[in-house]
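Have a look at the structure below, then the notes.
Read-outs throughout are calculated quantities, based only on the coordinates presented, and are distinct from any laboratory measurement. Just so we're clear, the structure is a prediction, and the values are computed from it rather than from any experiment. Glycine gets a Cβ as well: all are built from the backbone with ideal geometry, and neighbour counts include every protein chain shown.
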């Protein structure tokens, strides 16, 4: 789900791969709130995600590191991250510079 057509280069991807725990109280509600807020955040370009219920990969795309850092400072996002060790058995978060991008859609 891109807000705009993906740039061909010079933007950032935040890759979050995870395996959920059995303790998910409040997870769904917080996920919905943070997704809405992220999409309203200046510099947010879009996202892609796939999951099988327990494990998933979520990739958010950002204009620049400044936009990512502003999102890191969002109080609701900070609150969500404070629950990460309860909601996840494992997670890995990575920030990558996209040097080249090519989109194909068979519509």
Item to check | Residue match in segment 13-21 (condition: more than 18 Å from residue 87 (Cα to Cα) and not in a loop (DSSP other than H, G, I, E, B)) | outcome: yes
Checklist entry - For segment 32-60, how many residues are under 17 Å from residue 89 (Cα atoms) and either part of a loop (DSSP other than H, G, I, E, B) or touching a residue at least 40 places away in the same chain (Cβ under 8 Å) (or both)? => result 5
Item to check | Matching entry among 63, 28, 20, 81 (being in contact with a helix residue (DSSP H, G or I) (Cβ under 8 Å, 6 or more places away or on another chain) and either in contact (Cβ under 8 Å) with a residue 40 or more places away in the chain or farther than 29 Å from residue 100 by Cβ (or both)) | outcome: 20
